[in-house]
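Bear in mind that the values in this text are calculations on the coordinates, not laboratory data. No experiment lies behind these values; they were computed from the predicted model shown. Please note: Cβ atoms are built from the backbone with ideal geometry, for glycine as well, and neighbour counts cover all protein chains shown.
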Amino acid sequence: MTNLQFLAKLKMFCVIVAVIAAVNLVNAQQNQNDLHPNRVFSKGFAVHSHEDQFHLYEFTRHGVGGNDIQIEILYAGICHSDLHAVWEEQKDFGIHSRYPMVPGHEIVGRVVKIGNNVTKFKIGDFAGVGCMVNACRMCGYCLVGKEQFCEKGTVFTYNSIDHYHEHEITMGGYSNNIVVSENFAINIPKNADLKKAAPLLCAGITTWSPIKFSNVKKGDKAGVAGYGGVGHMAAQYLVALGTEVTVFDTNEEKRNDAKRMGVKRYVNVRNPKELEGLNNTMDFIITTIPADYDPLIYVRMLKIGGEMAVVGLPPNSNINISKLPLGAANRKIYGSLIGGIKETQEMLDYSVANTIYPQVEIIKAEPSEIDKAYKNLKNGKMKFRYVIDMSTLK
Ligand code: NDP
Ligand code: ZN
């Protein structure tokens, strides 16, 4: 056989292999659809236990109902809450991790299918999904736009029992698509920077909501404890509001970022000298610290009547009640949990209109990349927010 004949045969062989592979792919997809006629085939990244690493994972989602939209996910942020959930760090709070788990609640994508009754979206629009995918919409809390406290039970985006869809366990945004009621999807304006918009769906609303709740206003003195993915959104909203902002973190490398974002004072809490002179000076503080710390350090910084919103979920930090009469007299401390759908839309529109976005690092949709991101986030080696480019999912 001459070289030319050999090459021709090789070419033919390759063509046949490619055709067989393509037919198999179509058949596999068809089989999935046959097995689950009304369900939507999805693939993404899951862990199968709290000690696991991420793996490619195929599953199905409930089909697109009359009020639902199907979103092709383009970007998914990695929030520190995902780490808590994957690693079961919140067991003591009664939050139980369910495996296999596909995390992800900072989701932005393109609408590819809509139900018959959908009015908010059309195919081709951009849409976002945050921490919730359903609630009753009729109880007292839902009616005032606080769906995260739904009396019938909020359905969260992952690791949650969806009692509106045969009690399936919800799967999050580290995946190629999601099906959600239009009432729990956020309109993303066409001019939004999509890769940076994803973290607004959690980090943005988690800070926007308590800032509004506490009526923080121009001229106030505000503190942000924990200057990471969530904290740097708080700092930016507070600067935009015209408050004088102090941030507290452990990482010296973020000092210049704070200056760039308009923060007045950067305090490295590892250097106790920098904490001096701050007691009784702040109108509002938001703490986003995910690790154990002494909250009273910050409570003491509040003026009389000042308010502290706690959003970070440290596994074990306790406030010693006996210290409150002296340490926190006439100061208010409250917890805050994400925000409702209406205020999420307001936050999103405001952020896009005022170009207030997170600082992001884009990673590929590969298990090893997500594993690495988790490690870096845990070890303080990541400044602000990782976002997975889901379009690179193979
Ligand atoms: P990140 O890891 O991105 O940011 C946390 C920041 O806190 C890091 O910059 C970290 O610094 C800093 N930090 C750690 N220890 C201290 C300390 N002792 N004093 C001051 N700063 C410290 O996490 P996220 O911003 O994504 O999330 C923060 C927390 O908020 C998490 O617990 C998350 O679960 C929670 N969360 C709560 C929500 C709610 O609705 N309540 C919603 C979203 C998130 P370094 O990097 O140097 O370690
Ligand atoms: Zn989050």
Gyration tensor verdict on region 203-335 (Cα atoms; rounded if a/c is under 1.5, prolate if a/b is larger than b/c, oblate otherwise): rounded
Figure the gain on full extension for Thr281 and Asp371 (residue separation times 0.36 nm, minus the Cα-Cα span) and round it to one decimal in nm. 28.3 nm
Identify the residues of region 309-349 with backbone N under 16 Å of a label point that sits 7 angstrom from the Cα of Phe149 along the Cα-to-Cβ direction, or state none. 309-311, 333-344
Sum up the charges of everything whose Cβ sits under 13 Å from the Cβ of Val133, counting Lys and Arg as +1 and Asp and Glu as -1, but leave Val133 out. -3
Shape call for region 213-285, from the Cα gyration tensor axes a ≥ b ≥ c (a/c under 1.5 means rounded, otherwise prolate when a/b beats b/c, else oblate), comes out oblate
Note, region 317-325: 3J(HN,Hα) by Karplus (6.51, -1.76, 1.60, θ = phi - 60°), whole Hz, Gly/Pro = x, goes 4, 10, 9, 7, 4, 5, 8, 5, x
How do Cys131, Cys139, Cys150 rank when sorted from fewest to most other Cβ atoms within 10 Å of their own Cβ? Cys139, Cys150, Cys131
Report the equivalent ellipsoid semi-axes for the chain in whole Å, largest first, defined as the square roots of five times the eigenvalues of the gyration tensor built from alpha carbon atoms. 42, 24, 19
DSSP H segments from the chain that extend 27 Å or more along their own axis, Cα-based, with Kyte-Doolittle mean of -1.0 or above: 3-35
